[in-house]
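Asks: Structure in structure tokens, see below.
No lab work stands behind these numbers, since they all come straight from the coordinates. Computed from a predicted model, the values in this text were never measured in an experiment. So basically every Cβ, Gly included, is an ideal-geometry build from the backbone, and we count neighbours across all protein chains shown.
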Amino acid sequence: MKLALPTLALALAASTSAQDYNQSAPFNLVIVSENKTVDGDYLASCHSGAGIESLCLTNQPSTSKPDPTPASVYQFNTTDTGATPNATIGQSGYLTWELHGADFNVSSALAFYFSYSSNVVLPLFYPGIDYSTVVPVAFDSNNLMNIQDYVIDTVNPPTYGDEKAYYRWYACTTYYLGYTYVNLAWTLGEAAPQNPTCVKVDVKRVFV
Ligand SMILES: *[C@@H]1O[C@H](CO)[C@@H](O)[C@H](O)[C@H]1NC(C)=O
Ligand SMILES: *[C@@H]1O[C@H](CO)[C@@H](O)[C@H](O)[C@H]1NC(C)=O
Ligand SMILES: *[C@@H]1O[C@H](CO)[C@@H](O)[C@H](O)[C@H]1NC(C)=O
Ligand SMILES: *[C@@H]1O[C@H](CO)[C@@H](O)[C@H](O)[C@H]1NC(C)=O
Ligand SMILES: *[C@@H]1O[C@H](CO)[C@@H](O)[C@H](O)[C@H]1NC(C)=O
């Protein structure tokens, strides 16, 4: 049955016009962690290049951000794919943030930046939406942000199952284009992040 369904990415990519999305009410993103230093901290969009923003922790000082910053407001874009989403793990869509220029505003969708040498992925907002790097996320029934996949490659031979939610979020000190922040990051696979600064976190949506 899975084979008959287009992947979400393809389904979303098929909708090229912004009008094809329903956009949620605005919300903040809050860190939930057993680590008291980062627990309860908010996420903000932090300048990481021309029109590029990472998701940094508002109260964690870093070389590029010595002082606390205010939380940013995000929204969630979904499109009706025809499939009934699993309400427990949530419907996949795109996390969006509006870039405000001097005389323009651009809605940007969260994308993944992969470095060639690390299993730690840096989520970034690039201006607009690039379907080759944009990452579908979902919010589960507890408002926790997850990423879903149905491929299982930890068995031989690799197989597939129902869409499963993963919560591989970390708060890590990262370096990208000269900017060093304590950022929200994602780890590929089951292994621990190789970046020794990473602290396990969850990300919770709180409507403003
Ligand atoms: C909690 O997080 C802070 C900030 O990332 C880190 O310095 C500290 O070592 C962490 N504590 C534990 C117990 O992991
Ligand atoms: C937006 O939501 C409405 C009401 O639920 C639905 O009828 C419509 O199909 C949705 N549009 C898209 C593009 O998903
Ligand atoms: C929805 O996802 C949950 C958590 O993975 C799972 O336990 C449940 O069986 C799923 N429900 C359906 C209808 O697939
Ligand atoms: C951009 O958004 C801001 C805040 O919503 C608004 O005040 C401003 O008029 C917008 N600018 C343009 C060019 O649409
Ligand atoms: C999100 O949806 C809104 C409403 O349809 C649209 O204006 C905006 O451009 C979309 N953002 C992205 C990054 O596609």
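Asks: Can you pull out the residues in segment 152-193 that are closer than 16 Å to Val121 by Cα and either within 16 Å of ligand 3 (Cβ to nearest atom) or of a type in the set (Ser, Thr, Tyr) (or both)?
Replies: Tyr166, Tyr167, Arg168, Tyr170, Thr173, Thr174, Tyr175, Tyr176, Tyr179, Thr180, Tyr181, Thr187
Asks: I need the full set of residues from segment 125-152 which are part of a strand (DSSP E or B) and either over 16 Å from the mean Cα position of the chain (by Cα) or under 16 Å from Arg168 (Cα atoms) (or both), in order please.
Replies: Across segment 125-152, the qualifying residues are Val137, Ala138, Phe139, Leu144, Met145, Asn146, Ile147, Gln148, Asp149, Tyr150, Val151, Ile152.
Asks: Looking at Phe139, Phe207, can you tell me which residue is in contact with a strand residue (DSSP E or B) (Cβ under 9 Å, 6 or more places away or on another chain) and within 16 Å of ligand 5 (Cβ to nearest atom)?
Replies: Phe139
Asks: Just the residues that are among the aliphatic types (A, V, I, L, M) and out of contact with any Phe, Trp or Tyr (no Cβ under 7 Å at 6 or more places or on another chain), please, taken from segment 74-98.
Replies: Ala83, Ala87, Ile89
Asks: Next up: Can you name the residue in segment 99-124 that is without any contact (Cβ under 8 Å) to a residue 12 or more places away in the chain and outside any loop (DSSP other than H, G, I, E, B) and, of all such residues, is farthest from Glu53 (Cα to Cα)?
Replies: By that ranking, first place goes to Asn105.
Asks: Still on this structure, please answer the following. Only one of (1) within 16 Å of ligand 1 (Cβ to nearest atom); (2) of a type in the set (S, T, N, Q); (3) surrounded by fewer than 17 Cβ atoms within 10 Å (Cβ to Cβ) fails for Asn183. Which number is that?
Replies: (3)
Asks: Also: Within segment 153-167, restricting attention to residues that are part of a loop (DSSP other than H, G, I, E, B) and among the β-branched types (Val, Ile, Thr), which residue is surrounded by the most Cβ atoms within 10 Å (Cβ to Cβ)?
Replies: Thr154
Asks: Do we find a residue being without any contact (Cβ under 8 Å) to a residue 60 or more places away in the chain, outside any loop (DSSP other than H, G, I, E, B), farther than 30 Å from Tyr21 by Cα and not hydroxyl-bearing (Ser, Thr, Tyr) anywhere in segment 168-179?
Replies: So far as segment 168-179 goes, yes, one or more of its residues are without any contact (Cβ under 8 Å) to a residue 60 or more places away in the chain, outside any loop (DSSP other than H, G, I, E, B), farther than 30 Å from Tyr21 by Cα and not hydroxyl-bearing (Ser, Thr, Tyr).
Asks: Moving to a separate point now. Out of curiosity, is Asn77 away from ligand 4 (no atom under 16 Å from the Cβ), in contact with a Leu (Cβ under 9 Å, 6 or more places away or on another chain) and farther than 27 Å from Thr173 by Cα?
Replies: yes
Asks: Within segment 125-141, which residues are under 11 Å from Glu53 (Cα atoms) and surrounded by fewer than 17 Cβ atoms within 10 Å (Cβ to Cβ)?
Replies: Listed by number, the list holds a single entry, Pro127.
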